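The values are calculated or read from the model by the stated rules, or taken from the named source; none is laboratory data. Computed from a predicted model, the values in this text were never measured in an experiment. Neighbour counts are summed over all protein chains in view; Cβ atoms, including those assigned to glycine, are modelled from backbone coordinates with ideal geometry. For accessibility, only protein heavy atoms count, side chains too; no ligands or nucleic acids. Shrake-Rupley method; radii C 1.70, N 1.55, O 1.52, S 1.80 Å.
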Amino acid sequence: MLLKKIDRDISKDEWNALISNYKSKTIYHTYEWLEFIEESQGLKKAIYEIIMDNEVKGYLVGFRIKKGPINIFGSPFPGWTTPYMGPLINDDVSQRIFFEEFRNLMKREGYHYAELSNSQLDIELARSQNFIIETGITYISEIKSTPEEILSSYSKSARKCVNRAMRNNVVVETTTDNRFVDYYYTLLEQVFSKSNMKPTYSKERVKLLVNKLLPENKIILTWVRKEDRVIACRIDMIDGLWMNSFGSSSDKDFLKLNPNELARFHAMCIAAKRGVKYYDMTGGGTYKRKFGAEKTTTYRIIYSRFGLYCARNLAKHLIKFRNKIMKAIE
């Protein structure tokens, strides 16, 4: 096996066609999403062909990050609102050989640290080859075919919330209104302010995301209105059989009307009409179970040289300790 970097430019149509038949493909592999990362993070993508017996069998896409003298390969990397990426391969490619060649590639190109995250990768095989494994969680729901079936898949309490919202004359809509991002982010700031925090991503990043995906019909923007006031917003992405959640926000003064439950129900109904079968709600939160979702373990496969992984974790603990001290002083 050989991992060979592609040096020529690849168009959007060509790239999306190349990756269309890989079962490990996600919205996060698409050309539009790679552009979103390039522009939001100020990085340049690196694409490698996975070659076996002189035939291209897959692709590895990621981004080179420089932190001083340290070179990092992110596929993906924390902070990008991108839970998955990693290699695009099918069952005819040996993952054992892939992991061996990936390690060789990292050494050859001078990387000190790398992360891969992909649901199709063999975690135990990666562990046996001395890669570091980090676990996380998400919640995944099967999207039923009709609104009635979707609602029936919810818990009793969630069904009550959706029905209560409908009785209270709350209006839920899919929108392409160019004011959506302003409403979404204003409500997001309100949500974070309850914990004396600021949103973990900028308004500009949300605008960029919408501008990249909306023309391709790969994003569902949902808002909930009470009369003329927007009281909740949510963003979901769709690609093929999958929908992935990006985020949601709501007005704390109207939570008793259950706008968040109604918005998620609406998004799932729209996705069902577009042929989507699965909904990755992206991240933790036991409340997601009430929408018929099951808790699922996610994995990050980490390559680390010179003890960088341990140093990173130590730095994270020191920052948490410092924050606790500062809060105690305040």
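Do you know which of the residues in segment 153-204 that are more than 24 Å from the chain's Cα centre (by Cα) and among the charged types (D, E, K, R) is most open to solvent (accessible area, probe 1.4 Å)?
Arg167
Taking segment 168-204 as the search range and keeping residues that are without any contact (Cβ under 8 Å) to a residue 40 or more places away in the chain and among the hydrophobic types (A, V, I, L, M, F, W, C), which one is farthest from Tyr31 (Cα to Cα)?
This residue is Met197.
Testing Thr81 on (1) at negative phi; (2) assigned to a loop (DSSP other than H, G, I, E, B); (3) open to solvent by less than 50 Å² (accessible area, probe 1.4 Å), one condition comes back false. Which one is that?
(1)
Quick grid of which residues meet (1) within 18 Å of the chain's Cα centre (by Cα); (2) crowded, with 22+ Cβ neighbours inside 10 Å; (3) modelled with pLDDT under 95:
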site: Tyr31; (1), (2), (3): yes, no, no
site: Ile50; (1), (2), (3): no, yes, no
site: Val56; (1), (2), (3): no, no, no
site: Pro69; (1), (2), (3): no, no, yes
site: Met85; (1), (2), (3): yes, yes, no
site: Asp92; (1), (2), (3): no, no, yes
site: Phe98; (1), (2), (3): no, yes, no
site: Arg108; (1), (2), (3): no, no, no
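Hey, can you tell me all the residues within segment 7-29 that are at pLDDT 95 or above, within 16 Å of Ser75 (Cα to Cα) and open to solvent by less than 40 Å² (accessible area, probe 1.4 Å)?
Hits for segment 7-29 are Ile19, Thr26, Ile27, Tyr28, His29.
Could you tell me which numbered condition Arg300 fails, if it satisfies all but one of (1) modelled with pLDDT of 95 or more; (2) surrounded by 12 or more Cβ atoms within 10 Å (Cβ to Cβ); (3) more than 24 Å from Glu124 (Cβ to Cβ)?
(3)
Every residue in segment 130-152 that is surrounded by 17 or more Cβ atoms within 10 Å (Cβ to Cβ) and either more than 22 Å from Tyr28 (Cα to Cα) or among the basic types (Lys, Arg) (or both), please.
Within segment 130-152, Phe131, Lys144, Ile150, Leu151 qualify.
Could you identify the single residue in Ser245, Ser250 that is in contact with a Pro (Cβ under 6 Å, 6 or more places away or on another chain), under 28 Å from Trp80 (Cβ atoms) and either surrounded by fewer than 18 Cβ atoms within 10 Å (Cβ to Cβ) or not aliphatic (A, V, I, L, M) (or both)?
Going through Ser245, Ser250 in turn, just one is in contact with a Pro (Cβ under 6 Å, 6 or more places away or on another chain), under 28 Å from Trp80 (Cβ atoms) and either surrounded by fewer than 18 Cβ atoms within 10 Å (Cβ to Cβ) or not aliphatic (A, V, I, L, M) (or both): Ser250.
Are there any pairs, at least 6 apart or on different chains, whose C-beta atoms fall under 8 Å, with the first in segment 205-218 and open to solvent by 50 Å² or more (accessible area, probe 1.4 Å) and the second assigned to a helix (DSSP H, G or I) and modelled with pLDDT of 95 or more, and if so, which?
Taking only residues 6 or more apart or on different chains, the pairs are Lys207/Val181; Glu216/Glu32.
When you check Asp177 against the structure, is it closer than 25 Å to Leu257 by Cβ and charged (D, E, K, R), yes or no?
Yes; evaluated as a whole, the condition is true for this residue.
Determine whether Phe36 is crowded, with 18+ Cβ neighbours inside 10 Å and either part of a helix (DSSP H, G or I) or without any contact (Cβ under 8 Å) to a residue 40 or more places away in the chain (or both).
Yes, satisfied.
Taking Lys67 as the residue in question, decide whether it is in contact with a helix residue (DSSP H, G or I) (Cβ under 7 Å, 6 or more places away or on another chain), free of Cβ contacts under 8 Å to residues at least 60 places away in the same chain and of a type outside the set (S, T, N, Q).
no
So Lys252 passes all but one of these: (1) in contact (Cβ under 8 Å) with a residue 60 or more places away in the chain; (2) in contact with a strand residue (DSSP E or B) (Cβ under 9 Å, 6 or more places away or on another chain). Which condition number does it fail?
(2)
For segment 231-240, does any single residue satisfy the condition of being open to solvent by 30 Å² or more (accessible area, probe 1.4 Å) and touching a Ser or Thr at 6+ places or on another chain (Cβ under 9 Å)?
The answer is yes; a qualifying residue exists.
What's the number of the condition Leu2 fails, among (1) open to solvent by 40 Å² or more (accessible area, probe 1.4 Å); (2) under 21 Å from Glu134 (Cβ atoms)?
Going through the list (1) open to solvent by 40 Å² or more (accessible area, probe 1.4 Å); (2) under 21 Å from Glu134 (Cβ atoms), Leu2 breaks only (2).
Quick one: is Ala315 open to solvent by less than 100 Å² (accessible area, probe 1.4 Å) and either in contact with a helix residue (DSSP H, G or I) (Cβ under 8 Å, 6 or more places away or on another chain) or at pLDDT 95 or above (or both)?
Considered against the rule, which asks whether it is open to solvent by less than 100 Å² (accessible area, probe 1.4 Å) and either in contact with a helix residue (DSSP H, G or I) (Cβ under 8 Å, 6 or more places away or on another chain) or at pLDDT 95 or above (or both), Ala315 comes out as no.
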